[in-house]
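Colleague: I have a structure I would like to understand better, so I am pasting it below and will then ask my questions one at a time.
The values are calculated or read from the model by the stated rules, or taken from the named source; none is laboratory data. Only a predicted model underlies this, so the values are computations on that prediction, with no experimental measurement involved. Using ideal geometry, Cβ is built from the backbone for each residue, glycine included, and neighbour counts are taken over all protein chains shown.
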Amino acid sequence: MSSVIYPQPAADAGAARAVRSASRPAKAVPSYTAIWLVVGSISMSFAALTSALIVRQDIGMDWKPFVLPPILYLNTLVLLASSVTLEVARKELAATYLRSETRPHPRKWFYATLALALLFVLGQFLAWRNLAAQGLFLATNPSSSFFYLFTGLHGLHVFGGVLGLLYANHRSMRGLRFAAGGPLNVAAVYWHFMAILWVYLLLILRIRM
């Protein structure tokens, strides 16, 4: 006696596909592979710059230490807070798609993340203004040169992360399924890396400057 297979409702089928997509191993998703290659490339670049800083400080007699602008420590808290708000947004969106819930899109957490990111960039600019007020510019001294180089490059990467977050937010608001390699999850990996990288850079600057 043959069994009859009844068609699955569209909503249930969509939820099942979302669950299968989200449970797929991250290493099998091309977008995850790409973002980890980017993270590795950035890590090696800053590792090389760190080595250059240490060597330049040790061999030069013209290295003049200076006090880091206090706002850098506040900036650190701001960037770490943005990682928290992004993670809250990601988890809420995951619950929406995986459980087929009808809760609203977590826009407020996205906007909070973006606002904190822009606040961080503004804080870095104020740190530059603080150094300029002390007469320390890009070409003033090797120590100030490395400070501008480290903070400037990191700021550019943060700006790239902001663009990635805007793209991920746009795709998620259009109802893109929440997949393991979806734009939001990929952007979150990059953004959390930016926060960790900044903590590392601040420690290097604090020790070496």
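Colleague: I need the full set of residues from region 153-168 which are touching a Leu at 6+ places or on another chain (Cβ under 9 Å) and modelled with pLDDT under 95, in order please.
Modeller: If the condition is that a residue be touching a Leu at 6+ places or on another chain (Cβ under 9 Å) and modelled with pLDDT under 95, then Val162, Leu165, Leu166, Ala168 are the ones that fit.
Colleague: Counting only residues that are crowded, with 20+ Cβ neighbours inside 10 Å and of a type outside the set (Phe, Trp, Tyr), which one in region 137-153 is farthest from Gln124 (Cα to Cα)?
Modeller: Ser143
Colleague: Return yes or no: is Val67 part of a helix (DSSP H, G or I) and out of contact with any Ser or Thr (no Cβ under 7 Å at 6 or more places or on another chain)?
Modeller: In short, no.
Colleague: Quick check on my filter: what residues within region 109-137 are in a loop (DSSP other than H, G, I, E, B) and more than 17 Å from Arg208 (Cβ to Cβ)?
Modeller: Of everything in region 109-137, those that are in a loop (DSSP other than H, G, I, E, B) and more than 17 Å from Arg208 (Cβ to Cβ) turn out to be Gln134, Gly135, Phe137.
Colleague: Then there's this: Working only within region 66-103, note down all residues that are of a type outside the set (A, V, I, L, M, F, W, C) and either modelled with pLDDT under 75 or over 17 Å from the mean Cα position of the chain (by Cα) (or both). Explain how you work it out, then say what you get.
Modeller: Narrowing region 66-103 to residues of a type outside the set (A, V, I, L, M, F, W, C): 69-70, 73, 75-76, 82-83, 85, 87, 90-92, 96-97, 99-103.
Correct list: Pro69, Pro70, Tyr73, Glu92, Thr96, Tyr97, Arg99, Ser100, Glu101, Thr102, Arg103.
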